[in-house]
Amino acid sequence: MISFDLRCSSDHVFEGWFGSSADFEDQSARGLVTCPVCGNGEVRKAPMAPNVASRKGAEEAPVDPRQMYVMLKKLRREVEKNADYVGPRFAEEARRIHYGESDPRGIYGESTAEEAEALREEGVEFARIPWVPDAEN
């Protein structure tokens with residue numbers, strides 16, 4: 001079902017529900033859509049804002065910092081297990097992979113903010129993740 005804001009030629013605005021935009025057009029052409037205020041049959045769609053779902057007002061569970069820490073440690077272990085450490089050569093190696101000069105593979109390492117910005121400008125895909133200490137306290 002689609003909800004349209006409708007306006008009659010007497011400027012009354014109201015809402016109408018239809019199966020599709022084509023259903024509105026069909027019913028309107030057959031004179032079946034009328035203003036509930038004045039009964040006027042000259043009805044057209046009124047400008048309306050799109051109905052976009054948002055989380056505004058939705059209850060969000062508080063983030064437990066301990067859970068986040070555990071998840072980041074797990075992420076670190078997965079990265080270390082499945083990607084090659086390239087250290088401070090991260091930007092250089094990411095470029096080589098991007099331009100086909102090196103075999104595609106997962107890598108991790110360090111880069112400066114300037115190097116990261118240059119990669120981003122070149123269209124090299126990468127992600128920066130918080131690297132939490134792996135040692136247990």
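Tabulated data
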| item | result |
| --- | --- |
| For the chain, size of Cβ-based charge dipole, Lys and Arg +1, Asp and Glu -1, in debye | 380 |
| Of Asn82, Val124, Pro62, farthest towards positive along the dipole that unit charges on Lys, Arg, Asp, Glu beta carbons give the chain | Pro62 |
| Among (1) 201; (2) 235; (3) 118, the entry derived from the coordinates for volume of the Cα convex hull per residue in Å³ | (2) |
| Qualifying aspartates and glutamates (Cα of each under 18 Å from Cα of Lys45; at least 8 residues distant if same chain) | Asp5, Asp11, Glu15, Asp23, Glu25, Asp26 |
| Equivalent-ellipsoid semi-axes of segment 65-122, from the Cα gyration tensor, Å, largest first | 24, 15, 9 |
| Assigned charges on the beta-carbon of Lys, Arg, Asp, Glu; segment 65-122 dipole about Cα centre (debye) | 620 |
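Any read-out appearing in this document is the output of simple, stated calculations on the displayed coordinates, not a laboratory observation. Just so it is clear, the structure is predicted and the values come from calculations on it, not from any experiment. Note that each Cβ is placed from the backbone with ideal geometry, even for glycine, and that neighbours are counted across all protein chains shown.
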